[in-house]
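Undergrad: Sharing a structure with you now.
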Amino acid sequence: MSAQFTEDGAPSPETPPAFQAIDARVAYDGVPVLDDLSLEIPAGQTMAVLGPNGSGKSTLMRAMLGIVPLSSGEILVHGTPLRRFRDWKRIGYVPQRLTAGGAVPATVREIVASGQVARRRRLSWPTREDRAAVDESLAAVDLSDRAGDAVRELSGGQQQRVLIARALAGRPDTFVMDEPMAGVDAENQRALAESIARLRDQGSTVVLVLHELGPLEEVIERSVVLDHGRIVHDGAAPEATGECARPGHEHQHPHPDPNDPDPHAAPTAAPSEMIRLEVPRRD
Ligand SMILES: Nc1ncnc2c1ncn2[C@@H]1O[C@H](COP(=O)(O)OP(=O)(O)OP(=O)(O)O)[C@@H](O)[C@H]1O
């Protein structure tokens, strides 16, 4: 999939890290959410970011993609300062979940095909190769038989798989997934874990925000735990059930949505919002 590995499967020594945060600080209304955080994610690594609600996990993902600006510090993506990084087709971003509220009846195939937008220089008809990539992505998440269905008719777990297929369709080598397991039933979690294991085996970089490792425990190579915008653990998995299980921790999932208080109900898709989430800010 990528040129990140040598023939014997080891990361190539000259391959720059997929992401580097150097003293990265993000503040909302003057309140620091990432506190001079430094982190290096080697190309080809499968890494989990864990931590309590509000510890800055999503903010770190968004900062790495340029969706939220740093107040100080620097982010490098595949060795290039974020402000100069243009190779967005290498990056597949899976946001937390589909957003409720919209009424556009987009099909599963349409949503997945939208993941190829970053590959095209300007709007053009999809090529045969593009269509094959959509078919392969749907097959990878076991949703080929739902391709023509409206995405809003799918369960929350199936919609999460649609988001992953959308990221796959762009054929990136670097994935950033924000809580792909949230609100997903056990069967779909296992299917997702298998998809992510395949990405790892292909040499992709996979960075996941997780509530707990769960079925991904075998897949994750490194766990970073955040607390109050700082790294408090970096290494092997913290505990079998995750750092979030420690006494006093209250982690609420999935995130309540005023338009969709039942996390297991299939929310109505809002594709325009999804596409907006897909495209990182570029300055
Ligand atoms: N756009 C925003 N404006 C103001 N504050 C924000 C914004 N986004 C996040 N925050 C605040 O920043 C802090 C970190 O939020 P973030 O979503 O990064 O944490 P998280 O670890 O991902 O939490 P969760 O597990 O609940 O998703 C929280 O206190 C949150 O309320």
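Undergrad: Given the criteria in a loop (DSSP other than H, G, I, E, B), under 17 Å from the mean Cα position of the chain (by Cα), of a type in the set (D, E, K, R) and under 19 Å from Trp88 (Cβ atoms), does Arg166 qualify?
TA: It is false that Arg166 is in a loop (DSSP other than H, G, I, E, B), under 17 Å from the mean Cα position of the chain (by Cα), of a type in the set (D, E, K, R) and under 19 Å from Trp88 (Cβ atoms).
Undergrad: Cβ-Cβ under 8 Å, sequence separation 6+ or interchain: first residue in segment 166-178 and under 17 Å from Val117 (Cβ atoms) and aromatic (Phe, Trp, Tyr), partner in a loop (DSSP other than H, G, I, E, B) and more than 16 Å from the ligand (Cβ to nearest atom). Which pairs?
TA: Phe175/Ser204
Undergrad: Six or more apart or on different chains, Cβ atoms under 8 Å: show the pairs whose first residue is in segment 59-88 and in contact (Cβ under 8 Å) with a residue 24 or more places away in the chain and whose second is of a type in the set (Asp, Glu) and crowded, with 21+ Cβ neighbours inside 10 Å.
TA: Met61/Asp178
Undergrad: Under 6 Å between Cβ atoms, at least 6 apart or on separate chains: pull out the pairs that start in segment 207-229 with a residue that is among the charged types (D, E, K, R) and at pLDDT below 95 and end on any residue that is within 15 Å of the ligand (Cβ to nearest atom) and not in a loop (DSSP other than H, G, I, E, B).
TA: Correct list of pairs: Glu212/Cys244.
Undergrad: Which of the residues spanning segment 157-182 are surrounded by fewer than 24 Cβ atoms within 10 Å (Cβ to Cβ) and within 16 Å of the ligand (Cβ to nearest atom)?
TA: Asp178, Glu179, Ala182
Undergrad: What do you reckon, is Val151 within 15 Å of Ser114 (Cβ to Cβ) and crowded, with 19+ Cβ neighbours inside 10 Å?
TA: Judged against the criteria, Val151 is a match.
The values are calculated or read from the model by the stated rules, or taken from the named source; none is laboratory data. Computed from a prediction, not measured in an experiment: that's the story for all the values here. Cβ atoms come from the backbone with ideal geometry, glycine included; neighbour counts cover every protein chain shown.
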